[in-house]
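What follows is a single structure, written as structure tokens, with notes after it.
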Ligand code: PEP
Ligand code: MG
């Protein structure tokens, strides 16, 4: 017969922490604590399998359950020397939920089960404390009516005015008429009256009497906790956290201990170390004369458990340490026992009944990124954990917090979110609003913090984007221009916040019924994609001193390389500082966007808009020194490391001037009239630019453009080499679909290489030649592409776009709906799609290496900095990932995790 009920009671305990899946976190850890001799009120846990059977059958229990429940209850009664429903010596129990993974506040709990008209007098006699008994009873009625009679029955509250809300209002009104401030001021008679009012309201609203039978209460509570697995909150939490529906919850039924028996009783929650900073100090909150829900519900403000963790705002209140020193000492020693046993930071719940301490829960505590890192390193130093455990304790994405200033989580939790968009650039920022790039630049001269708000950004906004602390756009996806640029700079950015209506000419915008003008202040949380009104506090997340040693330790386990996508000397230096082992993508076009790039951009525009070959060739020659200088600076900054320089990629119309002033200037320089310039700009417009005249196609249409870029690379390399440097350029051709394109370009590369070598008196110029794989056809033709390529780099932004047929610029319009309706489980532009895009990658790796076994393979799409995608790349056998500088530590850690995981599965 299957076992559905597991008792816990000191040494006679049946389960333990390893039965997490079957008993849920709460049940398994209570059993573990009971085994450790920690004071835990005895009880039993009903398994998650029983929950699944109950839910699948539409509400009937599996065979054998009823008998096991009865037996466990008798055991509990014997244990406590009390009897459930007994008028003289009544046993009361709590029924709590507990899934495999903690889902805080998402499922239900019912306390004080077993109080009825018969047991109330008995309990009063026993405790001599009628106030406490009626306080417990009014809590039971409220919780039971809400959880069991309303929610579990699927009764929808009208206008959110559910039974709990109605009873709360009765309580509030009652206190007001009596002029009372706190629940603690209610007398025995008050509470008795309230219980009467409560039961009456329950019967009228829900059409059923509150049950006066202990057995009915227990049955109702257990069933309701099971049903709460499928409650609205729990379901949405599971979707967000990707917890499978089939796990189910356990129910723990436990003898009640009372924190509300008077001033020598209390309840509290604590963390064995500080969950925000990671500091090794016992950190928690408590409330005298209260039950657990009071702390969680935030009805009363709890006090710190000890004096060491008091803050300016609560230094006047009395700590548990000062109020009940011996209970506190015991709690402190349980903290040590638990940490030594679990080798983890734990989140614990306790109750003190008449100065006797009981533990009600322990589980691995949630923590910030900073805290994760600090705790991992300290526990390693303390000898609690080994290196691999320490590395695994920090989730790669948590490092985000250490690399950018972030919005203070405390303030954020209290603030009202104005609107949301896609979390495109990390960290937090606040600032004065500007609606054009020029205004952002101007405003930034007098105000250090500016938020640039645009419909979408294009290369002309670059100055404003540089000047701003944060960027907010109404349109665009995760790989839109604004997102790419912001992430590259490590700048806070939210894109595609569709609720915003912007009126740049009027220097204002609207979000719902609120209007914001230039100069008004907003705060952005770029990590979560949330926008807030006014200024929220930022937390300085400068590098923890342990950060470097943690990363060094992780690197020792990592086998895959990590490079950066960087386009300037400055970015290259940032990347190197974060541990980049080379540059995997130098986007040549970005040198025309940067601050002070007006001269270059002007020449490039001349090239693009020139009508005759002569005009164009002259402009190309004019541009070469600029390109050479930029490349040289970056090669120098990364001396001795590979730098992948990509030939010009984007569609030409991205560079043409949109403003009249710029068009006039260009017309004058080219000696043609303005209308002619306008006409030429218009001819460059394409209806599908992402699939148009871009990438290698430009280099084939205008071979002199290819030649100029290649010459710039080789001259820069030759000059550096002659000066004792060790440049390692890799020339990369984008948007290729056929080997003949490579044949064409490579001829130019080889010829120019020889010419430059001769010119500088060198025997050869060491370099590599390779291609991006970003069109499905080139992945499929990889064996041929590898004949001419010494390396491949997967451009997964375009590869995703072209595999799905989703425009990377416009997918923001419908992807949220796809995610909401579960048509896709993740945004494929953020997390590499392992099934389609991934399949193409695997094919290309295999076919490419068949032709050229030492083919070097990397990825330089945005996925190179996404932990799940990094893991995929490791498994696919890539040599390196390349990502924006600020994501390098994340990629390094993700690659270390992947290598550790692989070696663990081998064992
Ligand atoms: C890509 O397509 O993945 C890539 C890196 O190139 P870009 O984003 O510049 O098109
Ligand atoms: Mg691309």
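Derivation of every value follows stated rules applied to the coordinates shown; laboratory data play no part. Please read all numbers here as calculations on a predicted model, not as lab measurements. All Cβ positions, even for glycine, are placed from backbone atoms using ideal geometry, and neighbour counts span all protein chains on display.
Relative to the longest principal axis of the Cα atoms of the chain, the long axis of helix 545-555 lies at roughly 70 degrees.
Highest first, please rank the peptides 153-163, 883-893, 724-734 by the mean number of other Cβ atoms sitting within 10 Å of their residues.
Details: 153-163: 12.0, 883-893: 28.3, 724-734: 21.0.
My ranking of the peptides, most packed first, is 883-893, 724-734, 153-163.
Write down the percent of antiparallel bridges among all DSSP beta bridges whose residues are both part of the chain, to the nearest 5. Counting only bridges with both partners in the chain, antiparallel ones make up about 60 percent.
Here the spin labels are modelled as points 7 Å beyond Cα on the Cα-Cβ line, and at residue 823 and residue 12 they lie 5.9 nm apart. Could you let me know the centre-to-centre spacing of segment 852-870 and segment 686-744, using Cα atoms, in angstrom? For segment 852-870 versus segment 686-744, the Cα centre distance is 21 Å. What fraction of the DSSP beta bridges in segment 354-508 is antiparallel, stated in percent and rounded to the nearest 5? If I count the DSSP bridges inside segment 354-508, around 30 percent turn out antiparallel. Calculated [222 nm] ellipticity per residue, helices only, for the chain: -13500 deg cm²/dmol; basis is -39500 (n - 2.57) per DSSP H run with n ≥ 4, divided by all residues, nearest 500. Zone of residue 762 (label point 7 Å along Cα→Cβ, backbone N under 12 Å): which residues in segment 586-609? The answer is none. Just so you know, the Rg over Rh for segment 817-882 is 1.04, from Cα atoms, with Rh as the Kirkwood radius. Fully extending the segment from residue 555 to residue 322, taken as 0.36 nm per residue of separation minus the present Cα-Cα distance, adds 79.3 nm. Taking the Kirkwood radius as Rh and the Cα radius of gyration as Rg, segment 564-606 has a ratio of Rg/Rh equal to 1.09.
Measuring between their Cα centroids, segment 45-114 and segment 326-360 lie 24 Å from each other. Helix 703-722 against the longest principal axis of the chain: what's the angle in degrees, Cα atoms only, rounded to the nearest 10? The answer is roughly 80 degrees. Residues of segment 321-349 with amide nitrogen under 11 Å from the 7 Å Cα-to-Cβ point of residue 366? Answer for segment 321-349: none. Our summary gives segment 151-262 a relative contact order of 24 percent, counting only alpha carbon pairs under 8 angstrom and 6 or more residues apart. Sorted on the mean count of surrounding Cβ atoms within 10 Å across their residues, most packed first, peptides 250-261, 18-29 read 250-261, 18-29.
Nearest 0.05, what FRET efficiency do residue 790 and residue 499 give at R0 = 41 Å with Cβ-Cβ as r? After rounding to 0.05, the efficiency reads 0.25.
Taking the Cβ-Cβ separation of residue 414 and residue 188 as r and a Förster radius of 41 Å, what is the calculated FRET efficiency to the nearest 0.05? Display every interim value, and only then the final one.
Working: r = 36 Å, r/R0 = 0.88.
After rounding to 0.05, the efficiency reads 0.70.
The C-alpha atoms of the chain define a longest principal axis, and helix 369-381 lies at about 80 degrees to it. What's the whole-number percent of alpha carbon pairs in segment 503-640 lying beyond 22 angstrom? So the portion of pairs separated by more than 22 Å is 65 percent. Centroid-to-centroid, using Cα positions, segment 1-44 and segment 759-829 are 52 Å apart.
Peptide packing for 646-654, 106-114 was compared via the average number of neighbouring C-beta atoms within 10 Å per residue; ordered from the highest value, the list is 106-114, 646-654. Express the Stokes-Einstein translational diffusion coefficient of segment 1-67 in µm² s⁻¹, to the nearest whole number, given a Kirkwood radius over alpha-carbon pairs, 10 °C and a viscosity of 1.306 mPa s. Using the Kirkwood radius from Cα pairs, D works out to 130 µm²/s.
Based on every Cα atom in segment 146-207, Rg and the maximum pairwise Cα distance Dmax equal 12.8, 36 Å. Spin-label model, residue 179 to residue 514: label points 7 Å out along the Cα-to-beta-carbon direction sit 4.0 nm apart.
Take the Cβ-Cβ distance between residue 49 and residue 664 as r, set R0 to 60 Å, and report the resulting FRET efficiency rounded to the nearest 0.05. About 0.20, to the nearest 0.05. Computed across segment 706-771, the Kirkwood hydrodynamic radius from all distinct Cα-Cα pairs reaches 12.2 Å. With contacts taken as Cα pairs under 8 Å and at least 6 residues apart, segment 485-596 reaches a relative contact order of 16 percent.
Report, to two decimal places, the Cα Rg of segment 634-701 normalised by 2.2 N^0.38 Å (N = number of residues). Write down the numbers at each step before the final one.
Numbers: Rg = 16.5 Å, N = 68, 2.2 N^0.38 = 10.9 Å.
In units of the globular-protein estimate, segment 634-701 measures up at 1.51.
Spacing of the modelled spin labels on residue 1 and residue 615, each 7 Å from Cα toward Cβ, amounts to 9.4 nm. As a footprinting exposure proxy, order 658, 767, 590 by other Cβ within 10 Å, with the fewest listed first. If I rank by nearby Cβ atoms, fewest first, I get 658, 767, 590.
Over the C-alpha trace of the chain, radius of gyration and Dmax come out as 33.0, 107 angstrom. Entry note, the chain: relative contact order of 9 percent, from Cα contacts under 8 Å with a spacing of 6+ residues.
Residues of segment 74-114 falling in the label zone of residue 354, defined by backbone nitrogen less than 17 Å from a point 7 Å along Cα to beta-carbon, are 80-83, 88-92.
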